[in-house]
Amino acid sequence: MSDRWNDETFTARLREIGGRAYHDKHPFHVAMNEGRLAPEAIRGWVANRFSYQRAIPQKDAAIMANCPVREVRRLWIHRITDHDGTEDSAGGIEAWLRLGEACGLTREELLDGRHIVPAVQFAVDAYVNFARMQPWPVAVASSLTELFAPDLMATRLAAFERYYTWVQPWGFDYFKARLTQARRDSNEALRLTLTHCDTPELQQAAVRALSFKCDVLWSILDAIHLKYGHAS
Ligand SMILES: O=C(O)c1cc(C(=O)O)c2c(n1)C(=O)C(=O)c1cc(C(=O)O)[nH]c1-2
């Protein structure tokens, strides 16, 4: 039986996965960030990624449903309202709909899912089902892709402002909000993972969960890339 890693080694193992397999390296994202995507490909990405955005609160509710620890649920619950919104703030799903409008997509065509490629939906469903089926600390670890998201978001925001000037700039609120939300969320999730994945088996399961999640994000882009290509 292997030993339990200390926090430093465990964190390094998790970060290693992102360095190798995070979707910032996917050719579709590379093309997006270099300004090489045609409007149809940008719109296809926005419409398909909506299926991921709207599933996130269900994923987080599944983690909470499996978690018997009150303090953890108190911490995790803001993730649901961040996306679904409250009386005072519209939330991330609404912000993504506005991003769609800024790209020339109607709310109806995002909400009815007419552009969603089956393989994208399968990948999104796999993520939600993973959260339903796995021990909650392992499902928490699968969200740690967000450790790597802020850099990608910042690069993407700059690319949209520079290259995709046909997109209305008021649509970028989602990216701006996620820059800080992703940092806070991933710090919280890392602390929970280090604390509650407290056996060698759970630590290894956490690393596998993060690798699985990178595969989910990569598969979503594979499917979008296949349908829309990227040449402008
Ligand atoms: O656009 C992106 O590259 C990206 C990546 C990720 C991620 O790395 O998981 C998330 C998001 N966006 C995002 O917008 C988001 O709300 C989100 C929630 C989660 C999660 O696993 O709980 N990841 C991500």
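Just checking, which of P57, P27 is under 13 Å from the mean Cα position of the chain (by Cα) and either within 15 Å of the ligand (Cβ to nearest atom) or more than 14 Å from A131 (Cβ to Cβ) (or both)?
On the way: P27 fails: under 13 Å from the mean Cα position of the chain (by Cα).
Checking each option against the conditions leaves just P57.
For (1) in contact with a Ser or Thr (Cβ under 8 Å, 6 or more places away or on another chain); (2) more than 13 Å from the ligand (Cβ to nearest atom); (3) over 22 Å from P150 (Cα atoms); (4) among the aromatic types (F, W, Y), each residue gets a yes or a no:
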| site | (1), (2), (3), (4) |
| --- | --- |
| R178 | no, no, no, no |
| D185 | yes, no, no, no |
| T193 | no, no, no, no |
| H196 | no, yes, yes, no |
| T199 | no, yes, yes, no |
| L202 | no, yes, yes, no |
| L210 | yes, no, no, no |
Note on segment 90-110: residues touching a residue at least 60 places away in the same chain (Cβ under 8 Å) and either away from the ligand (no atom under 16 Å from the Cβ) or in contact with a Ser or Thr (Cβ under 6 Å, 6 or more places away or on another chain) (or both) are E101, G104, L105, E109
Among residues of segment 149-159 being among the hydrophobic types (A, V, I, L, M, F, W, C) and farther than 23 Å from V72 by Cβ, the residue farthest from the ligand (Cβ to nearest atom) is A158
Output for Cβ contacts, cut-off 9 Å, separation at least six or different chains, first residue free of Cβ contacts under 8 Å to residues at least 60 places away in the same chain and of a type in the set (A, V, I, L, M) in segment 141-156, second within 6 Å of the ligand (Cβ to nearest atom) and in a helix (DSSP H, G or I), reads A149/R178; M153/R178
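On the given criteria, is A62 within 14 Å of the ligand (Cβ to nearest atom), within 17 Å of S219 (Cβ to Cβ) and out of contact with any Gly (no Cβ under 9 Å at 6 or more places or on another chain)?
Values: within 14 Å of the ligand (Cβ to nearest atom): yes; within 17 Å of S219 (Cβ to Cβ): no; out of contact with any Gly (no Cβ under 9 Å at 6 or more places or on another chain): yes.
Judged against the criteria, A62 is not a match.
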**Report entry** Yes/no for E108 being closer than 30 Å to T165 by Cβ and either part of a helix (DSSP H, G or I) or of a type outside the set (A, V, I, L, M, F, W, C) (or both)
**Finding:** yes
Practice item. Report yes if A123 is without any contact (Cβ under 8 Å) to a residue 40 or more places away in the chain, out of contact with any His (no Cβ under 7 Å at 6 or more places or on another chain) and surrounded by 20 or more Cβ atoms within 10 Å (Cβ to Cβ), otherwise no. Key: no
The number of residues in segment 160-188 that are part of a helix (DSSP H, G or I) and more than 19 Å from the chain's Cα centre (by Cα) is 5
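Scan segment 40-53 residue by residue and report those that are more than 10 Å from the ligand (Cβ to nearest atom) and either crowded, with 21+ Cβ neighbours inside 10 Å or free of Cβ contacts under 8 Å to residues at least 40 places away in the same chain (or both).
Just the residues of segment 40-53 that are more than 10 Å from the ligand (Cβ to nearest atom), to begin with: 40-44, 46-48, 50-51.
Hits for segment 40-53 are A41, I42, G44, V46, A47, N48, F50.
Out of E8, E87, E16, E101, report the one residue that is among the acidic types (D, E) and closer than 25 Å to Q121 by Cα. First the steps, then the outcome.
On the way: E8 fails: closer than 25 Å to Q121 by Cα; E87 fails: closer than 25 Å to Q121 by Cα; E16 fails: closer than 25 Å to Q121 by Cα.
Of E8, E87, E16, E101, the one residue that is among the acidic types (D, E) and closer than 25 Å to Q121 by Cα is E101.
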Within segment 154-181, restricting to residues that are of a type in the set (A, V, I, L, M) and modelled with pLDDT of 95 or more, the one that is surrounded by the most Cβ atoms within 10 Å (Cβ to Cβ) is V167
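The values are calculated or read from the model by the stated rules, or taken from the named source; none is laboratory data. Treat the numbers as computed from the prediction; the structure is a model and nothing was measured. In this analysis, Cβ positions are derived from the backbone assuming ideal geometry, glycine residues included, and neighbour counts consider all displayed protein chains.
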